[in-house]
Structures are given as structure tokens and as C-alpha cells.
Amino acid sequence: METIIVALGSGLVEAVQPLNLFMIFAGCLAGLFVGCMPGLGSVNGVAILLPVTFLVPPTTAIIFLAALYYGAMYGGAISSITLGIPGASTAVATVFDGRPMAQAGKADKALMAAAIASFIGGTVSIILFTLFAPPLAAFALKFGPQEEFALMLLAFATFIGLGGDDIPKTIFSILLGLVLAAVGFDIISGKPRLIFFDMVEFQRGIGFLVLAIGVYGIGEMLWTLETTKGSVQMHKVNTGWKKIKENFKDIKLYINSTWLGSFLGFFVGTLPAAGATPAALMSYGLSKTFSKDPDSYGKGNIAGVAAPEAANNAASTGSMLPMITLGIPGSPTTAILLGGMIIWGLRPGPLLFTESPDFVWGLIGSMYVANFVTVILNIALIPLFIRVLAMPFTLLTPIIFVLCVLGVFATTDRMFDTWIMLIIGVAAYFLRKLNYPVAPAVLAIVLGPLAERSLRQSLISSRGDAMTFIERPISLTCILIALALMSYPLVSRFLKRRKAAQAET
Amino acid sequence: MTVRTAELIMAIVLFVMSVGLMANVYFGDLVVGWIAGRGPGAGMWPFWLSLGMAGASLATIIRWFTGATPESRNTDPYIASETIFLVTVSAVSLLVMLILMNVIGTYFTLVIYMFFFVRILGNHSWFTTISMMLGTPLFVYLLFEVALTKYLPKGLPFFEELFLVVDNLRYEYFY
């Protein structure tokens, strides 16, 4: 415990260094901005701005991106409440009660509840993160390539079992990401693989950022252009210090659902592939179930705003836990952060705590600072962000497109990659329209090289004996859980059918 | 085209693509099987994963015929006619931007691109248009060339030389 406090202290000192503190402010602002723009979320912000962070040292870069991730969770509520359009998928559940509250002229109360719940959710999860991360990383030090591979299998199985999307399409998306990651020279034999049309450019492979920016920059913008083209109706918000003070007193109405959301959000967030969106939806559902007045949910119950907002903030921190300690991202955004860490020359995984303590503890310290900064910026700048929401897409779209193209070029110095990005972006748009989930592909292209390496390392060290995965207890456990998760949709469908058949007879 | 038709076409395209990937690995002089005592060959990972992709696409095709996916029963248009324009223009404008970057260079392209999006598509005022036309290249220059020290594409030699004036000025006065 003492070592944690000392390390955290040094992390906090690192976080308040002038450059880092400035980047926390910049990140929170950028996050609030992308969060509140309909259709854009933390994942888009992180993907589009990652190339820009090569300007600063890795610790500062991750602090900026983590603050952005954080800010986006706060920002999502702003458009959910005032426009009735979720600012990001993570804020979908906030619309359920936020919108009716705004229609009843209580947008200010809803925004305040969202900010306070986000703050509590964030604080609870950071404390949990600080307590859980070092022991988990120490435990993970025992992992060999077998365990690494089994964990990655588990991450993909979570998508299949709990993703809730069409299963063959989810599987396709995962496999596509893994195959795209294999383009280029084979890491072990050095042979070129999947060199399409004999183009030498493919020898260097397809970078994960090319895919991530294609999917989340281009594809998502095209999608947003389509969905938000209709006229939006914004609700007026009363802001002012007096109002803020008055609204602060409402806290007792939603404190219970906030606690529920905070703890639930953290633990759901830590599950590989789960992330903030399912956490917020689950938190909303549970808060409604436990409420004394469940019927008022969906009609403007302030607890229905607080529960998902606390959960999505808590989950954003939670999803960083497996990324930092195990090297397995818990959400699409952390998948991109993980890819960024590889570009910065760091090796994600349990060794990070011993090899780069400044990096890890600087990040943790910055999360405490960012939480304070964001809640203050959020409450103070609500009027500004409401004005930003009125910004027409004909101004935002070209800026984002330019950032996507130049961001990809700046990362790889090749025009070729910008073409690939455009093709992937347009393809992602068409696939998404047919309900193909795109997040698994992004996760897979980041984890692909790591998964293949750990699989082949394990098999080389065991001289080709596949039993090596089953002989080791941790790896066996992960594989069994993964198998259970993969078969869960089939089993649950079977049980449902049997129940229906029984009901008929 | 309805969503239903699009679902089938997409699944078939993806199936063919997966088989193409398998063929690429198989005929690409890579071992797709197991090397005794050494584990998987270099082509095993992409080959069997592509086979899985083909299988997943086949499952989607079968589910289309049985009407199992919501998309296979949806007869709404795949892309609504009022959005076709917006989405197509955005995608094509990106394509043109990439082509122009190779010909007239990044900065001249940005000026034209902003004019097109802000003035022609967005119908914004001349003040906004000109601010964006000048502001974006300036911002890009400062961020990418000055701060990140990246040399963005400058196009054909004629345009590149035109732009070198700016670089020369910068090196003369700031370094």
C-alpha cells in the first residue's frame, strides 16, 4: 500500500508538470468537443488526434489522449440532453431520461446531474484502478506467451458472446482485422505474405492507425452525415451560478444510482471488449430495476441520467486497467491507445509497471487531475458547447477529413496509406449500414500481430505441441471461459426455444 | 437497391474476397499447414483465418435465405435518395483531394477543398469561406511541417518549386 501511495505521489507530480497540465486541459477540451458533437466519440477523437501527439513525449501524449477519452464521456451527455441525439454511443442511455427532462424545461438540472455523476463515477473508478492495477500487473508477470494468447482469445470471445451483434458478422469482423494485421513480412520466417497485386507497398503491412482512422474518421463521418442530416431541435438551457448552486442540491435524488453506476461501470469496463456503452446501458437497466419508481424512468427521472453517466466514466477508466496491466484493451478507444503505445516504443503489458513506471504512474496521476479539470470545464463551458453544437457539418466535416488524411500521411510518410484509409473508410460505411460491427476489426488489427506472435512462440517452444495451452492452468482457464462465452449465444438461443416450446404445450 | 439485396450482395462479395485471400496465401509459396516439430507455417495464420471469414460470409448468405437477419427482411432502400448526394459528394471530394495532393500539392489542394466544402456545399459567407481557405493551410503548415517536421506532398515539380518560396522564407528568418 505504501509503495502505491509513493508511486501515486510521483505520478501526481508528473501530471502537474506545466506541459502535462496544459495537455490535460487541451485533452479535456478536445474530449468535451468530440463528445458533444453528435456521431463523434472518444474513439474518433483518439484515432484522429493520435498522429498529432507524436509532437510530445509518450507520457504527455497518453496523458492528453486519456484526458480526451475522459472529456468525451462528459461531453456525450451535452448533446444527448439538449439535442436528444447521443453525442457518442456511450451516451445513448443518457438520452432516455435526459431528453424528456430537456423537453420539460429541466435541461440544466439534467446537465448538472450528468456532470456530477460523471465526476463521482470517474473518482470511484480511478481509486479502484489505483488499487487493482499494481497487483494485477504483478500477477500478470507470470504470464508466458500461452497465457497471452489465451487472454486474447478471451477478448475476442467476449465480442462474440456479449457483443450483442449478429454473430457471423462479428466473427467476420474479428477475422478480417486479424488477416489485415498479417499483411507484410512474416515476423518469424521473414517471408512476405498477402502482397496484393504484387504491390511492394503492402510489404510494410497495413498499420492499425490506417484502419482506425479509416473506420472511425472517414467511415463514421459519412455515417454521421447521413444520420444527422435531418433538422435538429435544440432545447434552451438556463445557465448561471445561481442555477448551478440550486441544482447541486438535487444530488440526493440520484446519489444511489450514481454509486451503482460507478462500481458497475468500472467492472464492466475492465472486461475485454465490453467498454463504456454496454456499461452505461446495464447501469441504466439496473438502476431502473432497483428504483422505487421504475415507471418514471424514460419520462424524465434524474436518476436515469446519473446512472449511465456515472457508468460510462467509470468504464472508460476501467477499460484502461487490462490495457495497462495485461496489454489487452478493454474498449475500441483503448485498443487505439495500445496501438499508440507500440508506436511510441513502449511494450504494453505487465512489464510496463517495472520498465516505465513514470509512464504508468504519470497516466494514473493525470486521471485524478483530469477528472477535476473536466468537471470544472464542463460546468463552466456548457453555454459554449451548446453553441458548438449549432456548428454546421459543412464546417466540421472538411476539417475532420483533412486531419484524417494528413494524420495518416504523417504517421507513415506514404500517400499509399491514405488511399488504403479511404478505401477502408468507405467500406466501413457500407458494412456498418448492414450491421457489421466495426469495433472488433479495429481491436483485432491491434492485437493481431501480438496474438500471432504469442501463438507461434508458444508452439515453437513446445516443439509444435498444441497441448501446451491446456497444460498451463491460467491459459486453460482463459480458454475454457472463452469457449463458454463463444457458445453462450447458441446455448441461450436453445434455452429460449425450449422455454417457448414449453410455454406452447 | 433495398437493404435486403445489399445484404446478399455484400455477403457474396465478402465471401469471394475471403476465398481470394486464401488463394493469395496458398499460391504465395507459404506453408499453410503444420511443420512437424516446429509448429505452424508462415501461411497458416492468414490462410485459416481467411477460411473462417469465408465460413462467416457463407453463414450470412444462408441466414439471408432463411430470413434470419433483420437486414435480409428489410425492404427499405439501402441508401435513402436524399442522403446519396451528401455521402457521395463527401466521398468523391476525398478522392479528388487525394489525387490533387499528388498533382498540385497539399496546400493548394486544401484551399480548393475548403472553397468547395464551405462555400459551394455549405453556402457560408465569404468571410467564413476565406478564413477557412487561408486558415486551414496555415494551421496544417504550422502543425505538420513546423512542429511535426513532416514534408507533406507538394505535387509536381512546378508546384513544389512555387511552394519552396515559403520554406525558404521560413529557414531564412526563423532558423
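Of the candidates A:375, A:408, A:360, the single residue that is more than 10 Å from every other protein chain (Cβ to nearest Cβ), surrounded by 24 or more Cβ atoms within 10 Å (Cβ to Cβ) and in contact with a helix residue (DSSP H, G or I) (Cβ under 9 Å, 6 or more places away or on another chain) is A:408.
If you go through the range A:462-477 and keep only what is more than 9 Å from chain B (Cβ to nearest Cβ) and hydroxyl-bearing (Ser, Thr, Tyr), you end up with A:468, A:475, A:477. The number of residues in the range A:179-191 that are farther than 14 Å from residue A:444 by Cα and facing chain B (nearest Cβ under 8 Å) comes to 4. Of all the residues in the range B:125-175, those that are without any contact (Cβ under 8 Å) to a residue 12 or more places away in the chain, within 12 Å of chain A (Cβ to nearest Cβ) and among the polar types (S, T, N, Q) number 4.
Scanning the range B:1-27 for residues that are facing chain A (nearest Cβ under 7 Å) and of a type in the set (Gly, Ala, Ser) returns a single hit, B:6. In the condition set (1) part of a helix (DSSP H, G or I); (2) at the interface with another protein chain (Cβ under 10 Å from one of its Cβ atoms); (3) without any contact (Cβ under 8 Å) to a residue 24 or more places away in the chain, residue A:457 is compliant with all but (3). Of everything in the range A:198-227 that is charged (D, E, K, R) and within 14 Å of another protein chain (Cβ to nearest Cβ), the residue that is farthest from residue A:176 (Cα to Cα) is A:226. Only a single criterion out of (1) closer than 21 Å to residue A:7 by Cα; (2) more than 20 Å from the chain's Cα centre (by Cα); (3) crowded, with 23+ Cβ neighbours inside 10 Å is not satisfied by residue A:385, namely (1). Residues in the range A:127-156 that are out of contact with any Lys or Arg (no Cβ under 7 Å at 6 or more places or on another chain) and within 14 Å of another protein chain (Cβ to nearest Cβ) were compared, and the one that is farthest from residue A:351 (Cα to Cα) is A:156.
Please find, among A:330, A:340, the residue that is in contact (Cβ under 8 Å) with a residue 24 or more places away in the chain, in contact with a Leu (Cβ under 6 Å, 6 or more places away or on another chain) and buried (at least 23 other Cβ atoms within 10 Å of the Cβ). So the residue among A:330, A:340 that is in contact (Cβ under 8 Å) with a residue 24 or more places away in the chain, in contact with a Leu (Cβ under 6 Å, 6 or more places away or on another chain) and buried (at least 23 other Cβ atoms within 10 Å of the Cβ) is A:340. Look at (1) more than 10 Å from every other protein chain (Cβ to nearest Cβ); (2) farther than 19 Å from residue A:49 by Cβ and you find that residue A:442 fails only one, number (2). Of everything in the range A:414-434 that is more than 24 Å from residue B:9 (Cβ to Cβ) and facing chain B (nearest Cβ under 7 Å), the residue that is modelled with the highest pLDDT is A:418. Each residue in the range A:152-179 was checked for being surrounded by fewer than 24 Cβ atoms within 10 Å (Cβ to Cβ), hydrophobic (A, V, I, L, M, F, W, C) and modelled with pLDDT of 90 or more, and 1 pass. Of the residues making up the range B:73-83, those that are within 10 Å of another protein chain (Cβ to nearest Cβ), part of a helix (DSSP H, G or I) and under 17 Å from residue A:430 (Cβ atoms) number 1.
For the range B:47-99, a residue qualifies if it is under 22 Å from residue A:419 (Cβ atoms) and aliphatic (A, V, I, L, M), and the qualifying residues are B:87, B:89, B:91, B:92, B:94, B:95, B:96, B:97, B:98, B:99. From (1) in a helix (DSSP H, G or I); (2) surrounded by 11 or more Cβ atoms within 10 Å (Cβ to Cβ); (3) not aromatic (Phe, Trp, Tyr), pick out the condition that doesn't hold for residue A:465. Of everything listed in (1) in a helix (DSSP H, G or I); (2) surrounded by 11 or more Cβ atoms within 10 Å (Cβ to Cβ); (3) not aromatic (Phe, Trp, Tyr), residue A:465 misses just condition (1).
Annotation note: of A:302, A:382, the sole residue that is closer than 30 Å to residue A:83 by Cα, modelled with pLDDT of 85 or more and β-branched (Val, Ile, Thr) is A:302. Only one entry in A:39, A:45, A:31, A:105 is within 15 Å of the chain's Cα centre (by Cα) and at pLDDT below 85, namely A:39. If only residues of the range B:37-55 that are touching a helix residue (DSSP H, G or I) at 6+ places or on another chain (Cβ under 7 Å) and surrounded by 24 or more Cβ atoms within 10 Å (Cβ to Cβ) are counted, the one that is farthest from the other protein chains (Cβ to nearest Cβ) is B:47. When the range A:236-273 is limited to residues that are modelled with pLDDT under 75 and in contact with a Leu (Cβ under 8 Å, 6 or more places away or on another chain), the one that is nearest to the other protein chains (Cβ to nearest Cβ) turns out to be A:273.
For residues in the range B:85-122 being more than 9 Å from chain A (Cβ to nearest Cβ), more than 18 Å from the chain's Cα centre (by Cα) and free of Cβ contacts under 8 Å to residues at least 40 places away in the same chain, which is nearest to residue B:134 (Cα to Cα)? Checked the range B:85-122; the qualifying residue nearest to residue B:134 (Cα to Cα) is B:111.
The values are calculated or read from the model by the stated rules, or taken from the named source; none is laboratory data. Just so it is clear, the structure is predicted and the values come from calculations on it, not from any experiment. FYI the Cβ positions are ideal-geometry reconstructions off the backbone, even for glycines, and counts take in every protein chain you see.
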